[in-house]
Amino acid sequence: MRIELVTAAARYPDARAELPQALRPLNLHLAAGEQVAVIGPSGAGKTTLLALLACALRPYAGTLWLDGLQPWQLPRRALQRLRGRLLLVPQVPPLPPRQRVVAAVLAARLPTMGLLHSLATLLHPRDLQPVHDALARFDLADKLFERVDQLSGGERQRVALTRTLLAPASLWLIDEPLSALDPTRARQALATLVGGARERGVTLVATLHQVDMALAHFPRIIGLRDGDLAFDLPAAQVGPERLARLYAQHEHELLGAAHAHPAEPLRAAPTLAQRC
């Protein structure tokens, strides 16, 4: 999916008028199939940018184009169809606690299903092999039939990321996908996401606090600060001096959040036949 922002700005509807815009006029172009990481200190506007691209927040000024369409100029049904091609994965995944992992992952396919098919899929999941294979890429194949509330926070986050691999979306918008993951799992998750996006030709935009991970896995880096575009560069051109300016007075964030848990050893995923 192609993305173009033309002097697009964002302000939340309930924000006080005297507060600055959450995202100031921004010009940005992403070709279909690009993988881009968005970095910057807290309050920079990273999550707001994702909400704007997900058509969850209407531009306060300027224009958003998705594949040549202006979403907010479309009729309601056409806008709903366009949103079905977008996948927004929030930092805290809204997974129903009593739901089985298999149903939670299959829910990614619901935008292409009718009501009866959707209910049947959630109540009596079928076609398990693609779900098993997608979970295996995040080292979660052995969690296929477990309930979401029996998972750790990191496992729940990886289940939410697994949904990207089954979603009928051409734009993945992923907010802080590593917040609950240790370094080993974080590297595995990013490699899987970027690799999956390339395999399917999907446009991927991910916000990250872990700058080293962003530079290692993404070819293009966008830096935001105080709602402004600080830079938009190939990863190879984002050096220490530029990062120091981006994170001035927020140097502790540049180092990345400390992980509370040691890295778990990666396990060989069992086959679906072994689980069944």
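Bear in mind these aren't lab numbers, they're just calculated from the coordinates by the rules spelled out. All figures in this text were calculated on a predicted structure; none of them were measured in a lab. Backbone-built Cβ (ideal geometry, glycine too); neighbour counts: all protein chains shown.
Miscellaneous remarks
- DSSP bridge orientation in the chain - percent antiparallel, rounded to nearest 5: 50 percent
- Euclidean distance of C-alpha centroids, the stretch 1-72 and the stretch 209-252, integer Å: 18 Å
- Environment charge at Gln91 (Cβ cut-off 11 Å; Lys +1, Arg +1, Asp -1, Glu -1): -1
- Note on the chain: helix-only mean residue ellipticity at 222 nm, from DSSP H runs of 4+ residues weighted -39500 (n - 2.57) and normalised by residue number, equals -9000 deg cm²/dmol.
- Selection from Leu208, His132, Gly84 lying farthest towards where the dipole of the chain points positive, charges on Cβ: Gly84
- Over all other residues within a Cβ to Cβ distance under 12 Å of Ala189, the charged ones net out to 0, with Lys and Arg as +1 and Asp and Glu as -1.
- Stretched out straight at 0.36 nm per residue, the stretch from Arg81 to Ala32 would grow longer than its current Cα-Cα span by 15.8 nm.
- Equivalent ellipsoid dimensions for the stretch 21-75 as semi-axes, Å, which come from the Cα gyration tensor, largest first: 19, 15, 9
- Residue range of the chain that is longest and free of trypsin sites (Lys or Arg not before Pro) which are both DSSP loop and sparsely packed (at most 11 other C-beta within 10 Å): 127-266
- Cα gyration tensor, the chain - rounded (a/c under 1.5), prolate or oblate: oblate
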